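Below is one structure, written out as structure tokens; comments come after it.
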Amino acid sequence: MQESYYTVEQIAQMLQMHPKTVQRYIREGKLRAVKVGKGWRVSGHDLSVFTENVPEQSGEVPTAVVSCVADVYLADQNNAIRLTNTLTAALNSKPASAGQTSMQTQYIPQERKLRITLYGSARTTAAMLDAIAMLTEEESEQSSVLKG
């Protein structure tokens, strides 16, 4: 059975939304999509999942939504990978009541820096920032023990 894919314009027409609203949902991670050329495509399954959970339709509009960027300076890329994997696991294990949350990471080797972008409810984002603080303090303590 072949999966159906829809463009942003098709989804906007079906859901009676502006295409920029659909693009915002994709950017925020609320609607899964894949980039094909210059446009986005959404599978029929992902569209179905999304329409069951559209915030404006379900009445679940969070009282506070936060976006933030954290730059974490690490010894090497392996440490960045470990931190990313740990934060991804934490995010994937959050309760459903925490709402929609997304995280993007980028390692910048020239600066030995991991850039973490978070978006979600204030409480979940704060918990993720606490986790970053705890994990990076632990990293710092381990490297000082190894040096000393």
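The values are calculated or read from the model by the stated rules, or taken from the named source; none is laboratory data. Nothing here was measured: the structure is a model prediction, and the numbers come from that model. Note that each Cβ is placed from the backbone with ideal geometry, even for glycine, and that neighbours are counted across all protein chains shown.
Here are the numbers for this structure:
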{"read-out": "Some residue of region 3-16 being under 19 Å from the mean Cα position of the chain (by Cα) and among the hydrophobic types (A, V, I, L, M, F, W, C)", "value": "no"}
{"read-out": "Failed condition for Gln100, given (1) in contact with a helix residue (DSSP H, G or I) (Cβ under 9 Å, 6 or more places away or on another chain); (2) within 14 Å of Val72 (Cα to Cα)", "value": "(2)"}
{"read-out": "Any pair with Cβ under 8 angstrom, 6 or more apart, that starts in region 96-112 at a residue that is under 22 Å from Glu28 (Cα atoms) and ends at one that is of a type in the set (Gly, Ala, Ser) and part of a loop (DSSP other than H, G, I, E, B)", "value": "Gln100/Gly29; Thr101/Gly29; Ser102/Gly29"}
{"read-out": "Residue in region 43-62 that is assigned to a helix (DSSP H, G or I), at pLDDT below 80 and surrounded by 11 or more Cβ atoms within 10 Å (Cβ to Cβ) present", "value": "yes"}
{"read-out": "Selection status of Ala12, modelled with pLDDT of 85 or more, within 18 Å of Gln104 (Cα to Cα) and of a type outside the set (Asp, Glu)", "value": "no"}
{"read-out": "Region 19-47 residues that are within 13 Å of Thr7 (Cα to Cα), paired with ones that are of a type in the set (Gly, Ala, Ser) and part of a helix (DSSP H, G or I) (beta carbon under 7 Å, 6 or more apart)", "value": "Pro19/Ala12; Val22/Ala12"}
